[in-house]
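Worksheet: one structure, shown below.
The values are calculated or read from the model by the stated rules, or taken from the named source; none is laboratory data. Please read all numbers here as calculations on a predicted model, not as lab measurements. Glycine also receives a Cβ, built like all others from the backbone with ideal geometry; neighbour counts cover every protein chain displayed.
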Amino acid sequence: MTQISERRAQTREKLADAATEVFAERGILAATVEEICESAGFTRGAFYSNFGSKDDLVIALVERWKRVNLDHTIEILGLLAETDAEVSFDRLTDGVADLMLRLQPPTRTDALLQAEIELYAARSPRFAQQHRVLLDGLLRSVAELMRKAVLSVDFVWVIEETEAAELFFMLHTYIASELLLTGSFDRAKLVRILKPLLQSLLLPRHPQED
């Protein structure tokens, strides 16, 4: 039973990897199940035994992206919190900059896939609803991680953590767009943006009295 489950998981991963390439090259709307199967080296039967439709495969890709982002967020924020020393805004800014760059798509193909998913959501109301549910879940999870992270270094947010998460997601999207269009993003520029932003959004948990 375990062997069958592992084999199915491997098949799903191969189909997801193939779909990433096909969607990035052809676009989600134009891509066909046949093209994905051919790229992955599987039959249509193998596809439909794992995914009910092309939409289901796209949702699986979004869920995989969500898991990876959460793992990276937990790792980077965990490193930031692992200190007994007082954390300055400079160190906090560096940590957030590292996180935001780490969360960017690792390849141009992955970046194109993310752009295609956004376009597909704009064109497909049914998929847009599913995508929104997943994105809202991601933002809630990230917001909770952000709350715990800043508390661990004796800061608090001046706005709701979910609103802060949405704000940083918008910045993340801007960086992703710049990387896709130009191939690079200046880390020093990101730090210059982040420092005053964080200073306006965070307060010391125990402010010093005059």
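Of note:
- Residues in the range 183-210 that are surrounded by 13 or more Cβ atoms within 10 Å (Cβ to Cβ) and at pLDDT below 90: Phe185 only.
- The range 150-161: number of residues that are β-branched (Val, Ile, Thr) and surrounded by 17 or more Cβ atoms within 10 Å (Cβ to Cβ): 2
- When the range 171-182 is limited to residues that are of a type in the set (Val, Ile, Thr) and under 18 Å from the mean Cα position of the chain (by Cα), the one that is surrounded by the most Cβ atoms within 10 Å (Cβ to Cβ) turns out to be Ile175.
- Residue check for Phe127: touching a Pro at 6+ places or on another chain (Cβ under 8 Å), of a type in the set (Phe, Trp, Tyr) and surrounded by 17 or more Cβ atoms within 10 Å (Cβ to Cβ): no
- Residue satisfying condition, being under 25 Å from Leu138 (Cα atoms), free of Cβ contacts under 8 Å to residues at least 12 places away in the same chain and of a type outside the set (A, V, I, L, M, F, W, C), within set Gly52, Gly27, Gly45: Gly52
- Matching residues, the range 141-162, being in a helix (DSSP H, G or I) and within 24 Å of Lys189 (Cβ to Cβ): Val142, Met146, Ala149, Val150
- Within the set Ser39, Ser53, the sole residue that is polar (S, T, N, Q) and crowded, with 16+ Cβ neighbours inside 10 Å turns out to be Ser39.
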